[in-house]
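These notes are about the structure you will find just below.
The values are calculated or read from the model by the stated rules, or taken from the named source; none is laboratory data. Because the structure is a prediction, the values reported are computed rather than measured. As a convention, Cβ positions derive from the backbone with ideal geometry for all residues, glycine included, and neighbour counts pool all protein chains shown. Just so you know, the surface numbers come from the protein's heavy atoms only, side chains and all, with ligands and any DNA or RNA stripped out. Shrake-Rupley method; radii C 1.70, N 1.55, O 1.52, S 1.80 Å.
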Amino acid sequence: MHRWPLMLDLKFFRENQDLVRAGIARKKFDCDIDAVIELDEQRRRIIREAEEKRAAQKAANAEMAKLDKGSGAFQNKVAEMRGLAQEVKSLQSKQAEVETEWEAAFMSIPNVPDPSVPDGQSEDDNVTFHTWGDPQSVSGEALPHYDISWFSHYVDLERGTKITGAGFPVFRGQMARLVRGLLEFFLERNAAAGFEEMHPPLMVNAASATATGQLPDKEGQMYFAPEDGFYLIPTAEVPVTNFYRDEILEAGQLPLRACAYTPCFRREAGSYGKDVRGLNRVHQFDKVELVEWVHPEESMIELERLREHVQGLVEALKLPYRTLLMCSRDIGFPHAKQYDVEVWAGGQQRWLEVSSCSCFTDFQARRANIRFRDESGKPRVVHTLNASGLAIPRVLAAILENNLQADGSVLLPDALVPHFGGDRLTPPRS
RNA sequence: GGAGAGAUGGCUGAGUGGCCGAAAGCGCCCGCCUGCUAAGUGGGUAUACGGCUUUAAACCGUAUCGAGGGUUCGAAUCCCUCUCUCUCCGCCA
């Protein structure tokens, strides 16, 4: 009686419980698969019963349609059908109840990791997949960005705290321009690579957040406006992926590629005191995001392409980086496979994550009900991918740290010069 | 925020309590016909879930006429709530 999204391939799930179980066991999420299976059985039992009664009711209705309404036979039939009508009603409400319960249980099941994802217990088990540039080659002047004398002038965290709260920086003057230049650089480079630029809403409803997997997994990490039931987006992935929610695309349209610049809002609950200095972790930041909708058979190849594209962005900025293949316990709830790209921040002498390139296989597309017509004309669920391209604050941090000159200026990579309108950021006057 | 109008299949658009999953037209697909094209002509043309089946197809059943709830033996059709769209007014970047 209800239409619910195709959350998982039900049949696959039922018939390959062991695979699903084994896959999920490699991840870090708790979920009760037995409960889901039990609820599914219960659900199907009730559906069958309710539908049988309903079919009987409909058959009787068809007969009654042919009877004279004033006749005794008609009146008898009405009396006879009263009981059945009650049964149908109560079965249907029971069905709705079980389905709601089952759906909630189902939504808590994470995606299964791809076989190529290495086992691992923590971030220490992530595999270094690729490196580029020499971390030791950075400027001898390197300082943590937050220790650069003029940093608090250009990135005013104190006033941001006054205006809003901790973790809401105000970028000023040349730094604001540099942020804008970076965004422009990323957007243009992505557009040149075939990503359609989008400018989406910054707030989303619960259905959208559920489709991409933020709900129910990350409920506490999003800012929420209860009056309207809207969530501030933690990434443009959410509104952009939902662009095609509940749609059936044509096979010829795939792959679809989009990019979007948006501010991102993250409560970062539970990470207090961890990496929070300067720009390392803030509650609002700018990011250009890449999203793709692809044919299921191409998603893993596309992930590699996407990763290479993202690496190209970092290379254009001349920032040493490494790409990690994330291990099973370090990939996210909706992820099948994930690479993180981390740039070297020479002042802090540490790696900063600036992009996460992910393949969600059909996990998000099922929840979002995004399908395409395959060669035979049958609807099939697409695969989605996304990547940051790139997140601004940490890129900024690395540029500041790695390119700091003795006179306090920061030399900018050639690629940014036309977007910034100069080849270096200079200390503020006075 | 106030007043009014509306929401039906890929599209247009009928349908105001009883075989309505839904007329008709358009589009699309398959066939026929036709020097070619156009026209004509016959048929077909949703999705999901459940059942059956080794799988799939076929088949059977159920649901879906913006969403949710109600009335009724029976709802696209009646009632309530909500959402959205359009028009007018107000407010406002």
Only one of (1) touching an Asp or Glu at 6+ places or on another chain (Cβ under 7 Å); (2) within 9 Å of RNA strand B (Cβ to nearest atom) fails for A:ALA105. Which number is that?
(2)
Inspect the stretch A:37-46 for any residue being outside the structural domain of A:ARG366 (by TED's automatic domain parsing) and touching a Leu at 6+ places or on another chain (Cβ under 6 Å) and give the result as yes or no.
no
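Take the stretch A:348-367 and flag every residue that is assigned to a strand (DSSP E or B) and of a type in the set (Asp, Glu). Lay out the reasoning, then the answer.
Of the stretch A:348-367, the ones assigned to a strand (DSSP E or B) are A:350-359.
Listed by number, the list holds a single entry, A:GLU353.
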Selection within the stretch A:365-382 - open to solvent by 10 Å² or more (accessible area, probe 1.4 Å) and under 24 Å from A:VAL238 (Cα atoms)
A:ARG366, A:ARG367, A:ASN369, A:ARG371, A:ARG373, A:PRO379, A:ARG380, A:VAL381
Filtering the stretch A:135-153 for residues that are touching a residue at least 60 places away in the same chain (Cβ under 8 Å) and over 31 Å from the mean Cα position of the chain (by Cα) leaves a count of 12
Just checking, how many residues over the stretch A:122-139 are touching an Asp or Glu at 6+ places or on another chain (Cβ under 9 Å) and among the polar types (S, T, N, Q)?
3
Could you please let me know if A:VAL282 is over 28 Å from A:PRO135 (Cα atoms), assigned by TED's automatic domain parsing to the domain that holds A:GLY220 and open to solvent by less than 20 Å² (accessible area, probe 1.4 Å)?
no
So which residues in the stretch A:20-42 are open to solvent by 40 Å² or more (accessible area, probe 1.4 Å) and within 16 Å of RNA strand B (Cβ to nearest atom)?
A:GLU38, A:GLU41, A:GLN42
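If I go through the stretch A:368-388 residue by residue, how many of them are under 21 Å from A:THR212 (Cα atoms), in a loop (DSSP other than H, G, I, E, B) and either at pLDDT 90 or above or of a type in the set (Ser, Thr, Tyr) (or both)? I'd like the intermediate steps shown before the answer.
First pass over the stretch A:368-388, keeping only residues under 21 Å from A:THR212 (Cα atoms): A:368-372, A:379-388.
Filter once more, keeping what is in a loop (DSSP other than H, G, I, E, B): A:369, A:382.
Next, from what is left, pick out any that are either at pLDDT 90 or above or of a type in the set (Ser, Thr, Tyr) (or both): A:382.
The number of residues fulfilling the criteria is 1.
Can you find even one residue in the stretch A:25-46 that is farther than 30 Å from A:PHE360 by Cβ and at pLDDT 85 or above?
Let us first name the residues in the stretch A:25-46 that are farther than 30 Å from A:PHE360 by Cβ, namely A:45-46.
Filter once more, so that each one left must be at pLDDT 85 or above: A:45-46.
Scanning the stretch A:25-46, I find at least one residue that is farther than 30 Å from A:PHE360 by Cβ and at pLDDT 85 or above, so the answer is yes.
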Tell me the residue from A:GLY194, A:GLY252 that is surrounded by fewer than 19 Cβ atoms within 10 Å (Cβ to Cβ) and on the phi > 0 side of the Ramachandran plot, please.
A:GLY194
Top-ranked residue in the stretch A:120-132 [being exposed (fewer than 13 other Cβ atoms within 10 Å of the Cβ) and modelled with pLDDT under 95; ranked as farthest from A:GLY23 (Cα to Cα)]:
A:ASP124
Looking at (1) open to solvent by less than 30 Å² (accessible area, probe 1.4 Å); (2) at pLDDT 90 or above, which is the only condition A:TRP102 fails?
(2)
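Going by the structure shown, is A:GLY194 in the same structural domain as A:GLU268 (by TED's automatic domain parsing), out of contact with any Cys (no Cβ under 9 Å at 6 or more places or on another chain) and at pLDDT 95 or above? Step through it out loud before you land on a result.
On the way: in the same structural domain as A:GLU268 (by TED's automatic domain parsing): yes; out of contact with any Cys (no Cβ under 9 Å at 6 or more places or on another chain): yes; at pLDDT 95 or above: yes.
Yes: the conditions hold for A:GLY194.
Name the helices (runs of 4 or more DSSP H) wholly within the stretch A:109-199 that hold at least 1 residues that are among the aliphatic types (A, V, I, L, M)? Walk me through it before giving the result.
Numbers: elements: A:151-154, A:157-163, A:173-192.
Hits in the stretch A:109-199: A:157-163, A:173-192.
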Hey, can you tell me all the residues within the stretch A:65-99 that are within 39 Å of the chain's Cα centre (by Cα), more than 8 Å from RNA strand B (Cβ to nearest atom) and open to solvent by less than 40 Å² (accessible area, probe 1.4 Å)?
A:LEU91, A:GLN95, A:VAL98, A:GLU99
Of the residues in the stretch A:217-246 that are open to solvent by less than 80 Å² (accessible area, probe 1.4 Å) and charged (D, E, K, R), the one that is modelled with the highest pLDDT is A:GLU237
From the option list A:ARG45, A:ARG54, single residue qualifying as open to solvent by 50 Å² or more (accessible area, probe 1.4 Å) and near RNA strand B (Cβ under 7 Å from one of its atoms) is A:ARG54
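Has the stretch A:317-336 got at least one residue that is of a type in the set (Lys, Arg), surrounded by fewer than 16 Cβ atoms within 10 Å (Cβ to Cβ) and at pLDDT below 95?
To start, the set of residues in the stretch A:317-336 that are of a type in the set (Lys, Arg) comprises A:318, A:322, A:329.
Applying the additional criterion that residues be surrounded by fewer than 16 Cβ atoms within 10 Å (Cβ to Cβ) yields none.
No.
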